[in-house]
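Worksheet: the structure to be examined is printed underneath.
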Amino acid sequence: MYSRFIGGFSLLEVIAAILLLAIAFTALMQVAGGSMALSGHAAEASKAALWGQSKLDGMTVIEPLRVGVSEGQFDTQYRWRLKVTESAAADTTPLQLYRVDLDVLWGSGRRERSAHFTTLRVQ
């Protein structure tokens with residue numbers, strides 16, 4: 001009687017193994033899906049940083065800085081909002097110092113994201 005169970009697996013053991021495998025596979029797929037979503041968010045943030053750097057680098061190339069707020073669009077997904085103000089340190093230096101705040105925005109509604117950049121420029 002004892003020797004007949006040694007040769008193979010019972011149906012209950014096979015079902016338990018398949019159930020355990022299904023649970024583990026489901027958990028791994030959820031982790032992989034979350035990882036892909038985080039990777040996509042990181043790629044979007046990196047692209048926003050590159051757009052922001054490009055905007056800040058090219059600001060004074062074509063025309064001088066002007067105090068005020070301006071907005072525009074990089075492409076169909078990313079847009080920008082630029083605020084230029086005179087810095088408080090301008091009173092103590094012979095140079096004109098400006099504070100530049102740039103917001104790069106993408107997405108819409110509740111899924112809108114933004115990256116904020118601040119720098120000082122001399123003119």
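Around the amide H of Phe74, modelled in the peptide plane, lie the amide H atoms of Arg79, Trp80, all under 5 Å away and 5 or more residues distant in sequence or on another chain. Here the spin labels are modelled as points 7 Å beyond Cα on the Cα-Cβ line, and at Ser39 and Arg79 they lie 3.1 nm apart. By the beta-carbon count within 10 Å of each Cβ, the least crowded to most crowded order of Val61, Val84, fewest first, is Val61, Val84.
With axes computed from alpha carbons, what is the tilt in degrees of helix 11-62 against the longest principal axis of the chain, rounded to the nearest 10 within 0 to 90? The two axes meet at around 10 degrees.
Computed extension length for Leu95-Phe9: 22.5 nm, one decimal, from 0.36 nm per residue of separation with the Cα-Cα distance subtracted. I'm a student and want to see the number: the projected area of the Cα convex hull of the chain, averaged over all directions, in nm². With every direction weighted equally, the projected area is 14.4 nm². Estimate the FRET efficiency between Ala32 and Ser54 by the formula 1/(1 + (r/R0)^6), using the beta-carbon distance for r and 41 Å for R0, to the nearest 0.05. Efficiency, rounded to the nearest 0.05: 0.80.
Based on Cα atoms of segment 70-119, Rg over Rh with Rh as the Kirkwood radius reads 1.16.
Readers should treat all values here as calculations from the given coordinates under stated rules, not as data from a laboratory. Remember, it's a predicted structure, so these values are computed and weren't measured experimentally. Note that each Cβ is placed from the backbone with ideal geometry, even for glycine, and that neighbours are counted across all protein chains shown.
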